[in-house]
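K.L.:
A single structure is presented below for examination.
The values are calculated or read from the model by the stated rules, or taken from the named source; none is laboratory data. Computed from a predicted model, the values in this text were never measured in an experiment. Cβ: placed from backbone, ideal geometry, glycine included. Neighbour counts: every protein chain shown.
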């Protein structure tokens, strides 16, 4: 993706990423999710890749990261891009 594409993509997901409940948790792990897309950017599947296993303190972080992706569908990605791996690090927002 080009820089303007990346910026549009990042803005769309960040606008749907509600980290408030996660900031109060003890979770310090980065959530890594694999996203499978239709050719038009519509999200068809989101899979948690890391951390595995998911402990109780990080469950909310995984839920809000996944929700941000679903709410952002369709994603502004280049035509034909069908798989992405995304990292969500809420600790950088504290």
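K.L.:
So which residues in segment 15-28 are touching a helix residue (DSSP H, G or I) at 6+ places or on another chain (Cβ under 8 Å), more than 26 Å from residue 77 (Cβ to Cβ) and free of Cβ contacts under 8 Å to residues at least 60 places away in the same chain, if there are any at all?
P.N.:
Listed by number, the residues that qualify are 21, 25, 26.
K.L.:
Could you tell me which residue of segment 4-23 is nearest to the chain's Cα centre (by Cα), considering only residues that are modelled with pLDDT under 85 and farther than 16 Å from residue 92 by Cβ?
P.N.:
The extreme case among them is 9.
K.L.:
How about segment 38-64: which of its residues are in contact (Cβ under 8 Å) with a residue 24 or more places away in the chain, farther than 22 Å from residue 27 by Cβ and assigned to a strand (DSSP E or B)?
P.N.:
Result: 43, single match.
K.L.:
So, one more: Across segment 70-94, what is the number of residues that are in a helix (DSSP H, G or I) and without any contact (Cβ under 8 Å) to a residue 60 or more places away in the chain?
P.N.:
Counting residues in segment 70-94 that are in a helix (DSSP H, G or I) and without any contact (Cβ under 8 Å) to a residue 60 or more places away in the chain gives 3.
K.L.:
Would you point out the residue of segment 71-92, among those that are out of contact with any helix residue (DSSP H, G or I) (no Cβ under 7 Å at 6 or more places or on another chain) and loosely packed, with under 12 Cβ neighbours inside 10 Å, that is farthest from residue 42 (Cα to Cα)?
P.N.:
92
K.L.:
Anything in segment 15-37 that is exposed (fewer than 14 other Cβ atoms within 10 Å of the Cβ) and within 16 Å of residue 71 (Cβ to Cβ)? List them, or say none.
P.N.:
Across segment 15-37, the qualifying residues are 15, 18, 20, 21.
K.L.:
Go through (1) free of Cβ contacts under 8 Å to residues at least 60 places away in the same chain; (2) surrounded by 12 or more Cβ atoms within 10 Å (Cβ to Cβ); (3) within 25 Å of residue 78 (Cβ to Cβ) and name the single condition residue 12 misses.
P.N.:
(1)
K.L.:
Could you check segment 35-51 and list, in sequence order, the residues that are under 13 Å from residue 78 (Cβ atoms) and touching a strand residue (DSSP E or B) at 6+ places or on another chain (Cβ under 9 Å)?
P.N.:
Answer for segment 35-51, where residues must be under 13 Å from residue 78 (Cβ atoms) and touching a strand residue (DSSP E or B) at 6+ places or on another chain (Cβ under 9 Å): just 37.
K.L.:
Right, another one. Among the candidates 67, 29, which residue alone is closer than 20 Å to residue 92 by Cα, assigned to a loop (DSSP other than H, G, I, E, B) and modelled with pLDDT of 85 or more?
P.N.:
That would be 29, the only listed residue that is closer than 20 Å to residue 92 by Cα, assigned to a loop (DSSP other than H, G, I, E, B) and modelled with pLDDT of 85 or more.
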